[in-house]
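For reference, the structure discussed in these notes is given below.
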Amino acid sequence: MCNSVVSTRTRTAIVTGASGGIGSAIAAMLHEEGFALTLVGRDPDKLAAVAAAISAMPGQPVHYLAGSLAEEAFLDRIVDDHAGRYGAVDLLVNNAGVAGNRAVGDITADFLDEQLAVNVRAVILLTSKCLPMLKEAVRQHKSAQVVNIASNAGKRGEATLSSYSATKFAVVGFTESLHDELSTAGIKATAICPGLVDTRMADDYRDSVGSDEMIAPGDVAEVIRMTTRVSRSCVVPEVVLLRPIEWLQPPGA
């Protein structure tokens with residue numbers, strides 16, 4: 001962990017799910033872009049390894065916090081910690097997510113509640129709790145941004161992913177609402193909707209899909225890099241990333 005206090009000219013970011021494939025790729029990219037980071041995840045050992053790898057490169061401070069996003073007290077801890085260090089957050093990346101394949105008839109309350117708590121509730125609450133820091137970033141730097149990692153399953157529902165699809169549709173809708181409410185106040189909102197990405201969430205598909213046929217975690221990071229580089233007058237509300245075979249109609253359809 002690093003306790004350095006950055007100047008008001010340094011951009012800062014919070015990244016949830018930072019110990020996973022997409023989150024760690026986003027964190028590394030943002031460090032390259034000059035952001036001071038607060039990385040969030042469930043596993044302290046994995047987070048420490050990601051933070052150490054990023055900190056080995058020259059750049060701004062990297063700090064991390066481990067806990068469950070399903071617990072509101074932990075969300076408050078994230079906000080209080082980042083605010084105490086930096087005072088503002090230029091970019092909030094709500095990346096953490098929970099998936100799982102189940103037929104509709106096999107969905108249990110515990111299965112559904114976990115997805116709702118992490119994929120929807122935590123995204124909305126953490127964004128709300130970060131709003132004062134986002135507004136402070138606008139005061140300092142004229143702009144701030146929220147990036148929500150959704151899914152292509154949040155654009156088209158998929159069999160055996162009904163509860164996951166429902167949560168990601170909610171993320172897309174929440175992002176659209178953020179744009180409608182906050183864009184004229186200098187806070188941009190972007191939903192990223194990738195298809196099958198080469199992470200642990202793709203393990204159920206590896207018998208039929210090779211890693212070289214999946215979207216790379218770095219692809220998602222590069223899209224976010226682009227959204228951070230466009231002018232303050234340009235908002236990228238949504239980006240859908242697909243593999244070549246996704247959303248194609250089967251023969252005879």
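Structure above, values below:
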read-out: Conditions (1) modelled with pLDDT under 95; (2) touching a strand residue (DSSP E or B) at 6+ places or on another chain (Cβ under 8 Å); (3) aliphatic (A, V, I, L, M): number failed by residue 92; value: (1)
read-out: Among the candidates 138, 120, residue that is in a helix (DSSP H, G or I) and under 13 Å from residue 91 (Cβ atoms); value: 138
read-out: Some residue of the stretch 187-194 being charged (D, E, K, R) and open to solvent by 30 Å² or more (accessible area, probe 1.4 Å); value: no
read-out: Hits in the stretch 95-134 (condition: among the polar types (S, T, N, Q) and either at positive phi or modelled with pLDDT under 95 (or both)); value: 101
read-out: Among (1) open to solvent by less than 30 Å² (accessible area, probe 1.4 Å); (2) of a type in the set (A, V, I, L, M, F, W, C); (3) farther than 21 Å from residue 20 by Cβ - the single one residue 147 does not satisfy; value: (3)
read-out: Search result, residues across the stretch 57-101 that are free of Cβ contacts under 8 Å to residues at least 40 places away in the same chain, open to solvent by 20 Å² or more (accessible area, probe 1.4 Å) and touching a Ser or Thr at 6+ places or on another chain (Cβ under 9 Å); value: 66
read-out: Matching residues in the stretch 203-245 - criterion: being of a type outside the set (Ser, Thr, Tyr) and over 22 Å from the mean Cα position of the chain (by Cα); value: 206, 207, 209, 210, 212, 213, 244, 245
read-out: Selection from the stretch 102-119 of residues that are over 12 Å from the mean Cα position of the chain (by Cα) and either open to solvent by less than 20 Å² (accessible area, probe 1.4 Å) or in contact (Cβ under 8 Å) with a residue 12 or more places away in the chain (or both); value: 102, 103, 104, 107, 111, 112, 114, 115, 116, 117
read-out: Identity of the residue in the stretch 195-205, farther than 17 Å from residue 244 by Cα and at pLDDT 75 or above, that ends up surrounded by the most Cβ atoms within 10 Å (Cβ to Cβ); value: 199
read-out: Residues of the stretch 155-193 satisfying the condition of being outside any strand (DSSP E or B) and among the β-branched types (Val, Ile, Thr); value: 160, 167, 171, 172, 175, 184
read-out: Hits in the stretch 148-188 (condition: out of contact with any Lys or Arg (no Cβ under 8 Å at 6 or more places or on another chain), aliphatic (A, V, I, L, M) and within 18 Å of residue 121 (Cβ to Cβ)); value: 149, 166, 170, 171, 178
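The values are calculated or read from the model by the stated rules, or taken from the named source; none is laboratory data. On a predicted model such as this, the values are computed, not experimentally measured, just so you know. Ideal geometry is used to build each Cβ from the backbone, glycine not excepted, and the neighbour counts take in all protein chains shown. Keep in mind that these areas ignore ligands, DNA and RNA; they rest on the heavy atoms of the full protein, side chains included. Shrake-Rupley method; radii C 1.70, N 1.55, O 1.52, S 1.80 Å.
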